[in-house]
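Before any comments, here is the structure.
The values are calculated or read from the model by the stated rules, or taken from the named source; none is laboratory data. All of these numbers come straight from a predicted model, not from anything done at the bench. Cβ: placed from backbone, ideal geometry, glycine included. Neighbour counts: every protein chain shown.
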Amino acid sequence: MQDKQAVAAGVRRWWLKNIIFMVLVGSILFLASGKLNWWMAWAYLSAMVLIVFANAIAMDPALLAERSQLQE
């Protein structure tokens, strides 16, 4: 079993990866459209945020930490 500090670091890394991914996707969508009032992009990003939060709530923190690491 992993210690609590390693799990906490892995969970932080998981959150950071997801936030960076959402920022990149949002940037690509809004830069490609040339406007910030594109409601379909906001709807897509909102759905992504809901899915990430649902995963964070439903998944075990140790599993989040394990999945945040690079795999062989």
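Going by the structure shown, is residue 35 in contact with a Ser or Thr (Cβ under 7 Å, 6 or more places away or on another chain) and of a type in the set (Lys, Arg)?
Numbers: in contact with a Ser or Thr (Cβ under 7 Å, 6 or more places away or on another chain): no; of a type in the set (Lys, Arg): yes.
Taking the combined requirement at face value, the residue does not satisfy it.
Among the criteria (1) surrounded by 11 or more Cβ atoms within 10 Å (Cβ to Cβ); (2) of a type in the set (A, V, I, L, M); (3) more than 21 Å from residue 10 (Cβ to Cβ); (4) at pLDDT below 95, the one residue 65 does not fulfil is (3). So which pairs qualify, if the first residue must be in the stretch 36-63 and under 16 Å from residue 20 (Cα atoms), the second must be surrounded by 10 or more Cβ atoms within 10 Å (Cβ to Cβ), the Cβ gap must be under 6 Å, and the two must be at least 6 apart or on different chains? Matching pairs, first to second residue: 45/26; 48/22; 52/18.
Scanning the stretch 1-60 for residues that are loosely packed, with under 10 Cβ neighbours inside 10 Å and under 13 Å from the mean Cα position of the chain (by Cα) returns a single hit, 57. Of the helices (runs of 4 or more DSSP H) lying entirely inside the chain, those carrying at least 2 residues that are touching a Leu at 6+ places or on another chain (Cβ under 6 Å) are 4-33.
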